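Take a look at the structure below.
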Amino acid sequence: MLAAKNRPAAAIPCSGVARGKHMASKAQSIKLNEHGYKVLTLGRYSFSRDEYFAHIRWPGGSHLMPVDRFLRALMRDVAWNFFYGIVNFDEVFGTVNHYGTVDVFAGLFNAGYRSQNKHFVENLDGELARATFSQMLEDWTIEGFDPFAAPEETGLPFGPKRGNNQRAVTRKRVVAQRMVGLKDDTPVRTDANGYTVNRQFADVAQDEPQVHAEPGFEDEVHAFNFFAYLSRSDVTWNPSVCAVVKDAMLCPTTEEFALPVIHGNDRVEWFVQLSDEIHWEIADRDTGVPRARAVMKPGDVCAMPADIRHQGFSPKRSMLLVWENGDAKLPELYATGQLKPHPIEF
Ligand SMILES: [Fe+2]
């Protein structure tokens, strides 16, 4: 439950569900501070925001982040249900997904904190943590700010409490069961359902393929214009599940400006750059020591290893295809060395 000072840094699935559920029985106290924002507690953490910063406190330490960066990271962590592996909000604070429970940490993957034994990590029930983070996101996001939008397409989050942006922060991440556009599955994007072509994809053709299925196979044979679909994405840095075959998930996303989290992998991820350009900074997952820079241009493919953290920068809105493997056994296979962290050797 409390700081596991010597907890291994690797993202190993743990069996802390019972401990996490125990936490859920502890009601959290909610009060408003002088800026009008809720002060929230989660386990032994306390979260507050003022006009410019999010403040995080835990027994023995505290941290602050510019609130725009914090809310953009929080938006992804909530929408992705803690995603795969580690979501570093910055170099200090973040979460490790154990798929049922979640570690909320400070300094766990920071070599300086670790060397001084100042890191703090608490394993919590995933639903409790997500509910608390959702509440924070809804209260701390003020009118006019959309943490999923590109900076040029939204307002600012600074100042005292002023309204909210419920529509923006409660967006559901697209998760296709089989494929976008199939019967009873997530729909294609059109002007009519509110997804207009983004300003930076005005040149993307919008024609749709013709599908001529044999009678009886109308719901099985399917195609759609993938580029047109992506050109209508209203969010950035949000891999959405658009086609699924067993554990293989095609998760395309449109990117602009900076990935608001530093993702620590617990499996290999494949990236295919579909348009424009992304610069990736790649570092050791556990220490943050830089390992590589990769500049991906259209057609480039890369396999991000299972033992790295990475952050991307997209100078112009670009299209990226992320290929995820959802096999629940993978984190342990990598953490125990049964699989090499990279899928290919040159
Ligand atoms: Fe990643």
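Values quoted throughout were computed directly from the atomic coordinates according to the rules given, and no laboratory measurement underlies them. Predicted model only: the values in this text are computed from it and were never measured. For neighbour counting, all protein chains shown are included, and Cβ atoms are generated from backbone atoms with ideal geometry for every residue, glycine included.
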Tell me, what ³J(HN,Hα) does each residue in segment 325-340 have, in order and in whole Hz, if you take phi through Karplus 6.51 cos²θ - 1.76 cosθ + 1.60 with θ = phi - 60° and put x for Gly and Pro? 10, x, 4, 5, 7, 4, x, 5, 4, 6, 5, 9, x, 6, 10, 5
Cα centroid of segment 77-146 to Cα centroid of segment 244-279, whole Å: 20 Å
Positive-pole candidate from PRO260, GLY107, HIS222, dipole of the chain, charges at beta carbon: GLY107
How much net charge surrounds ARG189 when only the other residues with a Cβ under 12 Å from the Cβ of ARG189 are counted, with Lys and Arg +1 and Asp and Glu -1? -2
For the table LYS31/LYS161; LYS118/LYS161; LYS246/LYS329, the rows whose alpha-carbon distance is greater than 24 Å are LYS118/LYS161
Report, largest value first, the span of the C-alpha coordinates of segment 17-168 along each principal axis, in whole Å. 38, 34, 31
Can you work out the Karplus-derived ³J(HN,Hα) for every residue in segment 311-316? Use 6.51 cos²θ - 1.76 cosθ + 1.60 with θ = phi - 60°, whole Hz, and x for glycine or proline. 9, x, 10, 10, x, 9
